[in-house]
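Before any comments, here is the structure.
The values are calculated or read from the model by the stated rules, or taken from the named source; none is laboratory data. All figures in this text were calculated on a predicted structure; none of them were measured in a lab. Quick reminder, even Gly has a Cβ in these numbers, built from the backbone with ideal geometry, and neighbours come from all protein chains shown. Surface accessibility is based on the protein's heavy atoms, side chains included, excluding ligands, DNA and RNA. Shrake-Rupley method; radii C 1.70, N 1.55, O 1.52, S 1.80 Å.
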Amino acid sequence: MEGESIKLSSQTLTQAGDDEKNQRTITVNPAHMGKAFKVMNELRSKQLLCDVMIVAEDVEIEAHRVVLAACSPYFCAMFTGDMSESKAKKIEIKDVDGQTLSKLIDYIYTAEIEVTEENVQVLLPAASLLQLMDVRQNCCDFLQSQLHPTNCLGIRAFADVHTCTDLLQQANAYAEQHFPEVMLGEEFLSLSLDQVCSLISSDKLTVSSEEKVFEAVISWINYEKETRLEHMAKLMEHVRLPLLPRDYLVQTVEEETLIKNNNTCKDFLIEAMKYHLLPLDQRLLIKNPRTKPRTPVSLPKVMIVVGGQAPKAIRSVECYDFEEDRWDQIAELPSRRCRAGVVFMAGHVYAVGGFNGSLRVRTVDVYDGVKDQWTSIASMQERRSTLGAAVLNDLLYAVGGFDGSTGVGVLSGQLYATGGHDGPLVRKSVEVYDPGTNTWKQVADMNMCRRNAGVCAVNGLLYVVGGDDGSCNLASVEYYNPVTDKWTLLPTNMSTGRSYAGVAVIHKSL
């Protein structure tokens, strides 16, 4: 009847639940907490139900004790302990500026805060004081993302002061991996003696030659020559002079005035010269810190994809980071190029010959990863595209020409021919040639039909990059594991579909 309420009897509920006894419903509302904090922040903005005023410098902030205590162990200890602040209406926070404290209390209510170059150095210590560990970690992540040869030593020092262990290690590793650039900056020249010794003595220092370490020492001494001259011998103890070329020792090290005027340094030079006079087998028997090669062998590697056809010849170059599963655009080629030979030699990537969209070329370009820059060097005598390029005994070979119908790679001493086409039919089949038995055999098919793909080997796996399937250029990459005889697609595609691209593998730091 109208106006009467309806009630369910306990008997009705019992009967409804006869089939499944003791049923119950738990309601979870993910938005509940967010809505609650939003309301509390609105109350704070209107100064309603606030029971404490937090003061820093000339900034006064109304707040709720229970909210501050719920989010900050610092405030929780303050309000629940026996200190006078537990009942005080107004509490002054020292060693934090007013604007920074205001931002952090805003974060407690909103879970939002902006970390910038301008505020990170005051925000991190303030977040540490209030024990807002998420904000502290966000500051560390921001600084890690800003690492650069010109600031990594400063970030390292900042991390050390504030006991940010992970950031300290990351900044130190960055300085080691980018030492040739770091040594040119003001931060390096301003280091203390112990800091310089610690850096240049590291086995993980990434340098193309020990010349860079020697030059760094000379630069640091000359920066404040009068006060630093006495440290010359202590620094040279960590320069691995025996690993320098003999010509450099004679023409540069021996002629350096700072070496000539220091007897201990001259002893180090004599040690290096004697080392070069020994036969190779006897050199290997000499074990001391100055004869030990630096070994940055644990650096993750990247794969570089050079140029290609999409659908015309392009200048684009991309780099895939195996550790971070990420593609990045790097410096473009000086000119359009596809069907080039690509190799990695002596710390640089070489793009040899190819097709520029109009004609085959004989030009050769070299990529320097430290400078992110391509430079042209001497051209080949012949114009070549779809050629083979290889390094043998420190010489770069450009071999023949190639019809572009298949991608070829070398893995574990065997030659792999991947995909290709037979007339209009594009294949995903793969064959492998064993030079020991002079035989070809079929292995597992790729996941996709491909022709004109780039191929390279990385860590015992064969990677096939891009290509086309007869209808469009491909952005996908897949790799072959000879142990499992299986092809697997990378989870991340290149940003550009491309065919006739050259592929090489380099160290991440280059």
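Below, the figures for the structure above:
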| item | result |
| --- | --- |
| Candidate set: the range 153-175, residues that are hydroxyl-bearing (Ser, Thr, Tyr) and more than 16 Å from Ser198 (Cβ to Cβ); chosen: the one most open to solvent (accessible area, probe 1.4 Å) | Thr163 |
| Subset of the range 459-486 (residues that are closer than 27 Å to Val391 by Cα and open to solvent by 10 Å² or more (accessible area, probe 1.4 Å)) | Asn459, Gly460, Leu461, Tyr463, Tyr479, Asn481, Pro482, Val483 |
| Sole residue being over 25 Å from Leu280 (Cβ atoms), loosely packed, with under 15 Cβ neighbours inside 10 Å and at pLDDT below 95, chosen from Asn222, Asn261 | Asn261 |
| Positions within the range 63-95 being open to solvent by less than 30 Å² (accessible area, probe 1.4 Å) and of a type in the set (Ser, Thr, Tyr), in sequence order | Ser72, Ser86 |
| Any chance Pro289 is touching a helix residue (DSSP H, G or I) at 6+ places or on another chain (Cβ under 9 Å), open to solvent by 60 Å² or more (accessible area, probe 1.4 Å) and either farther than 24 Å from His178 by Cβ or not in a strand (DSSP E or B) (or both) | no |
| Any pair with Cβ under 6 angstrom, 6 or more apart, that starts in the range 11-38 at a residue that is hydroxyl-bearing (Ser, Thr, Tyr) and assigned to a loop (DSSP other than H, G, I, E, B) and ends at one that is surrounded by 10 or more Cβ atoms within 10 Å (Cβ to Cβ) and at pLDDT 85 or above | none |
| Residues located in the range 101-121, provided they are β-branched (Val, Ile, Thr) and not in a helix (DSSP H, G or I) | Ile113, Val115, Thr116 |
| Of all residues in the range 203-214 being surrounded by fewer than 17 Cβ atoms within 10 Å (Cβ to Cβ) and of a type outside the set (Lys, Arg), the one that is nearest to Leu235 (Cα to Cα) | Asp203 |
| Within the range 430-451, tally of residues that are open to solvent by 30 Å² or more (accessible area, probe 1.4 Å) and on the phi < 0 side of the Ramachandran plot | 15 |
| Checklist (1) under 28 Å from Asn172 (Cα atoms); (2) surrounded by fewer than 20 Cβ atoms within 10 Å (Cβ to Cβ); (3) small (Gly, Ala, Ser) applied to Gly98, failing item | (1) |
| Single residue of the range 462-510 satisfying the filter (part of a loop (DSSP other than H, G, I, E, B) and aliphatic (A, V, I, L, M)) that is nearest to the chain's Cα centre (by Cα) | Leu510 |
